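Read-outs throughout are calculated quantities, based only on the coordinates presented, and are distinct from any laboratory measurement. Remember, predicted model here, so these are calculated numbers, not experimental data.
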Amino acid sequence: MASSSSGLTFKLHPLVILNISDHYTRVKSQLHPPPSVHDASNGVDPSAAPPADPPRVYGCVIGVQRGRTVEIFNSFELLYEPATHSLDRAFLDKKQELYKKVFPNFYVLGWYSTGSDAEESDMHIHKALMDINESPVYVLLNPSINHAQKDLPVTIYESELHVIDGIPQLIFVHASYTIETVEAERISVDHVAHLKPSDGGTAATQLAAHLTGIHSAIKMLNSRVRVLHHYLLAMQKGEIPCENSLLRQVSSLLRRLPAIESGKFQDDFLMEYNDTLLITYLAMLTNCSRHSRRGGRTPFV
């Protein structure tokens, strides 16, 4: 495959790689769940099942282009129908609109997929996105583990018009890239790398205790809301006397709740959600790097 001659410089952020890896892992787990105890008890041999082809996932990559430099910051998933080689444009437009509210400077730069090499059918998706970006970039992640490989299993392609057998055709060409991190990403990775349990317990133990506390708090909140709801229903039906002082307190409590349907809340929520995902992915990246330094495997997927 030829190399790109566009002269563009590509900078890829780690969050994009982790997003693609997470997308592939989730789809693979849903399509090929581990064998259950029920299957084993019925005498079903899990190894007897024919190996299925690894799934392919699709999504958009977003970022900015400044002159001849293209910087890919983030990505989101796409709905793709392999039988018709078509994208769900309504879903794409909705996701693009949501990301535009939180990241107004980010634009759709191209798309991503998984596999060992670019396929002929990939050009259908590539052409479908040309009405959004006239020269989209294609990021391909190879999910297969190769212990002898030292570089990241990520390839970036551009499309160029070449004349083949006298016919002009659009083909994929390799583009070089570098991994780029901003100051916030470097600080987060360094902070997570130096985190240690304060009480001598493992990180998994602390996480389990934290999640258990959150679960208990949610259960208690739910039970109290139910008691208040039943009390108000009984008051509305006339089963108990109406107390204006209590109703004023309930009304005051409800006014303190955020208006979750407002545009400001949605923007703030998406920003907090993306920040939380970024910290989670950076923690995963740090864990992978630590395994690599110790001589272990680097589980990208």
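Within the set K94/K127; K94/K219; K127/K264, which residue pairs have Cα atoms separated by over 25 Å?
Going by Cα-Cα distance, K94/K219; K127/K264 fall outside the 25 Å limit.
What does the extension gain come out to for E183 and L247, with contour length at 0.36 nm per residue minus their alpha carbon separation?
Length gained, E183 through L247: 18.0 nm.
Expressed in nm to one decimal, what extension gain is obtained for the pair L211 and S3 from 0.36 nm per residue of sequence separation less their Cα-Cα distance?
70.0 nm
Defining a contact as two alpha carbons under 8 Å apart and six or more residues distant in sequence, what relative contact order in percent does segment 62-168 show?
21
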